[in-house]
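Report on the following structure.
The values are calculated or read from the model by the stated rules, or taken from the named source; none is laboratory data. Please read all numbers here as calculations on a predicted model, not as lab measurements. We place every Cβ from the backbone using ideal geometry, glycine too, and count neighbours over all the protein chains shown.
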Amino acid sequence: MTTAYINRIATAVPSYDVHEPFVGFARVLLGEDSFRKERFERMLEMAGIEHRYSCVDPAGGFYAFGRFPSTAARMHAFDAHAPALAAAAVERLDLAAARDRITHLLITSCTGFSAPGLDLELVKRCRLPSSVERVIIGFMGCYAAINALKLARHIVRSEPAARVLVLNLELCTLHLRETTDLEDLLCFLLFADGCAACLVTSEPSGLAIEGFHAVLVPETADLMTWHIRDFGFEMGLSARVPGVIRRALHAGVDKILAGARRSPRSIFGRCIRGDARSSMPSSAPCVSPPRRCRHRARSCSATATCLPPR
């Protein structure tokens, strides 16, 4: 059976570093509430983030106290900013003449939608073949990138000559809200904007995609949510998520790693916080901590899944 490989990975972020402006914004929102302010400062320290990037100029007036934009205005901003960021990530793959051989385009995003959409814009901007087969995987959050890679693998295994371009793009900062809820502020503290692109083919170079394993943890559907509201998309991120992931990994590690043929140091994984490492037995593959990526940049939902280790 044909093996699929991730031949190349490239990333791009917008130009505005908004981490410190957001921290100041949150402190103003929390006002004199000493309990919430103390909890927020603890969350800030634990996150270990120094930089997060946005397509929104923090001094540009898009967000103003008491006058936050509607969902329609946010989607207009997505249409304005997403194509250029996506094209920047694809160009960094340095496809050159090989762009003419791209057969499939898979795009994941859960932070903006329109039709005609990002797929057609990318074909135009990156001069991809008009015959390219396009699929958009939307509104699936972080694990959309895993599903995109899974689909790319299926395509290559069924069509060994296929060359699949996978693009994960999120503009999370378009969904900032005025709130003093600590779990909401945690979402805004962790996520920002970015794009990751990769090329998947049967050419034996890069990272081999050997398999996938899905685990659905019962009674956890309410721990991470994503809903379209009048003033942006509303994310729910429970503080219970790291513990649930830790317990699920501990309970299912044998099935998750069954049949893994690579050495322990060659298998990497990430979660929103670094709790996964403590869930693995000493003989299990290395789980690369996400802190280095968060410290230097940001999490961007599905985009973070395809960030190369630094």
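Restrict the check to the range 197-216 and report whether at least one residue is without any contact (Cβ under 8 Å) to a residue 40 or more places away in the chain and surrounded by fewer than 16 Cβ atoms within 10 Å (Cβ to Cβ). Outline the logic, then answer.
Applying the first criterion (without any contact (Cβ under 8 Å) to a residue 40 or more places away in the chain) to the range 197-216 yields 214, 216.
Within this subset, residues satisfying the condition of being surrounded by fewer than 16 Cβ atoms within 10 Å (Cβ to Cβ) are 214, 216.
The answer is yes; a qualifying residue exists.
Scan the range 121-141 and give yes if some residue there is small (Gly, Ala, Ser), part of a helix (DSSP H, G or I) and under 30 Å from Gly236 (Cα atoms), otherwise no.
Going residue by residue through the range 121-141, those that are small (Gly, Ala, Ser) are 130-131, 138, 141.
Still in the list and also part of a helix (DSSP H, G or I): 141.
Within this subset, residues satisfying the condition of being under 30 Å from Gly236 (Cα atoms) are 141.
The answer is yes; a qualifying residue exists.
Does Asp100 qualify as being in contact (Cβ under 8 Å) with a residue 24 or more places away in the chain, loosely packed, with under 14 Cβ neighbours inside 10 Å and assigned to a helix (DSSP H, G or I)? Yes; evaluated as a whole, the condition is true for this residue. Considering only residues that are among the polar types (S, T, N, Q) and crowded, with 22+ Cβ neighbours inside 10 Å, look in the range 149-174 and name the one that is nearest to Ile102 (Cα to Cα). Residue satisfying both the conditions and the ranking: Asn168. The residues on offer are Ile136, Ile146, and the sole one that is touching a residue at least 24 places away in the same chain (Cβ under 8 Å), surrounded by fewer than 24 Cβ atoms within 10 Å (Cβ to Cβ), over 17 Å from Ile6 (Cβ atoms) and of a type in the set (A, V, I, L, M, F, W, C) is Ile136. Just one of the numbered conditions (1) part of a helix (DSSP H, G or I); (2) modelled with pLDDT of 95 or more; (3) farther than 17 Å from Thr173 by Cβ is not true of Asp94: (1).
So that you can scan it fast, the table gives a plain yes or no per residue for (1) under 18 Å from Tyr53 (Cβ atoms); (2) surrounded by fewer than 24 Cβ atoms within 10 Å (Cβ to Cβ):
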| site | (1), (2) |
| --- | --- |
| Ala87 | yes, yes |
| Ala96 | no, yes |
| Pro116 | no, yes |
| Leu122 | no, no |
| Gly141 | no, yes |
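Selection over the range 1-46 of residues that are surrounded by fewer than 14 Cβ atoms within 10 Å (Cβ to Cβ), part of a loop (DSSP other than H, G, I, E, B) and within 23 Å of the chain's Cα centre (by Cα) gives a count of 1.
Within the range 47-79, if we keep just the residues that are touching a residue at least 24 places away in the same chain (Cβ under 8 Å) and assigned to a helix (DSSP H, G or I), the residue that is farthest from the chain's Cα centre (by Cα) turns out to be Thr71. Of all the residues in the range 111-143, those that are among the hydrophobic types (A, V, I, L, M, F, W, C) and closer than 15 Å to Ala89 by Cβ number 5. Taking each residue of the range 224-247 that is closer than 16 Å to Ala72 by Cβ and looking for partners that are among the β-branched types (Val, Ile, Thr) and part of a strand (DSSP E or B) with beta-carbon atoms closer than 9 Å, six or more apart or interchain, yields Glu234/Thr225; Glu234/Ile228. Given the structure, is Arg125 touching a helix residue (DSSP H, G or I) at 6+ places or on another chain (Cβ under 7 Å), of a type in the set (D, E, K, R) and at pLDDT below 95? The answer is no for Arg125.
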